[in-house]
């Protein structure tokens, strides 16, 4: 396994602040704050897995809810309701449930998230904002305990460096989840412990950061679901996203191949600093076949 790379200490909020400063002369920021950041898009993607399923399976994939002063609970609830309206067989939420640990009380958030898990089986993993070493040095939660408890109380199945199997109409699936790559508790060997390559119709890996792929290549999985990038959040015409918090820009958004496997990166529901530009918030509906 590759040695984990050290990451700089500038926060993504700092990065986006620089990006906003650079974009201020382009105009349209009011649209980015007031319109696009709240304009949810439902993206439907058909994914052909290497292993054939007995019947199609539908997953609602959400990520980066980022509850904060910029992203309200009512907006998150709207995204949840839209996702549930697509009749998924189950839901996967790939991290960053909060932005900064000291901004919000979590009890009310628990009630909103329980409105999701009480209606359909919901799996989750944690993101870099949800606690751990990256969050700690940026004024957020020092450990993942608070958000882990939030998800447990909300009825989520939290895949914190562990796996589970589920029986679906398409066959038995294995779901594997890792803690975030930057959290200090990223343990793929623990996550894949006991996972048998031939035991399921398919193995789906939930990992917040798509760069996680570089550390899980020795284990068997067919499809990785990620978030973290926000799709770039601010996308400049003809130039693309100037600020993306990943090394490998091939996996900023959408469905992309990696070796003999697939990675799907959703743009996420929330945001940092309240703006999106040419990069709408996204609810991803994945039809597996």
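The values are calculated or read from the model by the stated rules, or taken from the named source; none is laboratory data. These numbers were taken from a predicted model, which means no experiment stands behind them. All Cβ positions, glycine included, derive from the backbone under ideal geometry; neighbour counts span all protein chains shown.
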By residue number, the members of the range 192-233 that are under 30 Å from residue 37 (Cβ atoms), touching a residue at least 60 places away in the same chain (Cβ under 8 Å) and surrounded by fewer than 24 Cβ atoms within 10 Å (Cβ to Cβ) are 223
Pairing a residue in the range 133-154 that is at positive phi with any residue that is part of a loop (DSSP other than H, G, I, E, B) and modelled with pLDDT under 95, where Cβ atoms lie under 8 Å and the two sit 6 or more apart in sequence or on different chains, gives 139/100; 139/101; 139/102
Restricted to the range 81-103, and to residues that are in contact with a strand residue (DSSP E or B) (Cβ under 6 Å, 6 or more places away or on another chain) and assigned to a loop (DSSP other than H, G, I, E, B), which residue is farthest from residue 180 (Cα to Cα)? 86
Residues in the range 56-80 that are in a loop (DSSP other than H, G, I, E, B) and farther than 28 Å from residue 128 by Cβ total 1
Please state which of the following conditions residue 236 fails to meet, knowing it meets all the rest: (1) surrounded by fewer than 17 Cβ atoms within 10 Å (Cβ to Cβ); (2) at pLDDT 95 or above; (3) within 29 Å of residue 72 (Cβ to Cβ). (2)
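Can you pull out the residues in the range 56-72 that are surrounded by fewer than 16 Cβ atoms within 10 Å (Cβ to Cβ) and either closer than 30 Å to residue 257 by Cα or in contact with a helix residue (DSSP H, G or I) (Cβ under 7 Å, 6 or more places away or on another chain) (or both)?
Initial filter on the range 56-72 (surrounded by fewer than 16 Cβ atoms within 10 Å (Cβ to Cβ)): 56, 69, 72.
Within the range 56-72, 56 is the sole residue that qualifies.
Output yes when any residue across the range 180-188 is touching a strand residue (DSSP E or B) at 6+ places or on another chain (Cβ under 7 Å) and at pLDDT 95 or above, and no when none is. Before the answer, list the steps.
To start, the set of residues in the range 180-188 that are touching a strand residue (DSSP E or B) at 6+ places or on another chain (Cβ under 7 Å) comprises none.
No, every residue in the range 180-188 fails to be touching a strand residue (DSSP E or B) at 6+ places or on another chain (Cβ under 7 Å) and at pLDDT 95 or above.
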Selection from the range 112-155 of residues that are surrounded by 24 or more Cβ atoms within 10 Å (Cβ to Cβ), under 15 Å from residue 175 (Cα atoms) and in contact with a strand residue (DSSP E or B) (Cβ under 7 Å, 6 or more places away or on another chain): 122, 124, 125
Being out of contact with any strand residue (DSSP E or B) (no Cβ under 7 Å at 6 or more places or on another chain) and buried (at least 22 other Cβ atoms within 10 Å of the Cβ), is that true of even one residue in the range 167-174? no
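Any idea how many residues of the range 80-96 are in contact with a helix residue (DSSP H, G or I) (Cβ under 9 Å, 6 or more places away or on another chain) and over 22 Å from residue 166 (Cβ atoms)?
As a first pass, look at the range 80-96 and keep what is in contact with a helix residue (DSSP H, G or I) (Cβ under 9 Å, 6 or more places away or on another chain): 80-81, 83-84, 91, 93, 95-96.
So of that shortlist, the ones also over 22 Å from residue 166 (Cβ atoms) come out as 81, 96.
Qualifying residue count, the range 80-96: 2.
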Determine whether residue 108 is in contact with a helix residue (DSSP H, G or I) (Cβ under 6 Å, 6 or more places away or on another chain) and touching a residue at least 24 places away in the same chain (Cβ under 8 Å). no
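Table: residues versus (1) in contact with a helix residue (DSSP H, G or I) (Cβ under 9 Å, 6 or more places away or on another chain); (2) part of a helix (DSSP H, G or I); (3) within 28 Å of residue 259 (Cβ to Cβ); (4) at pLDDT 95 or above.
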position: 9; (1), (2), (3), (4): no, no, no, no
position: 15; (1), (2), (3), (4): no, yes, no, no
position: 19; (1), (2), (3), (4): no, yes, no, no
position: 22; (1), (2), (3), (4): no, yes, no, no
position: 25; (1), (2), (3), (4): no, yes, no, no
position: 32; (1), (2), (3), (4): yes, yes, no, no
position: 42; (1), (2), (3), (4): yes, no, no, yes
position: 50; (1), (2), (3), (4): no, no, yes, no
position: 54; (1), (2), (3), (4): no, no, yes, no
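How do the helices (runs of 4 or more DSSP H) wholly within the range 106-181 filter down when requiring 3 or more residues that are more than 17 Å from the chain's Cα centre (by Cα): which remain?
Working: elements: 107-117, 133-136, 145-153.
Per the criteria, 107-117, 145-153.
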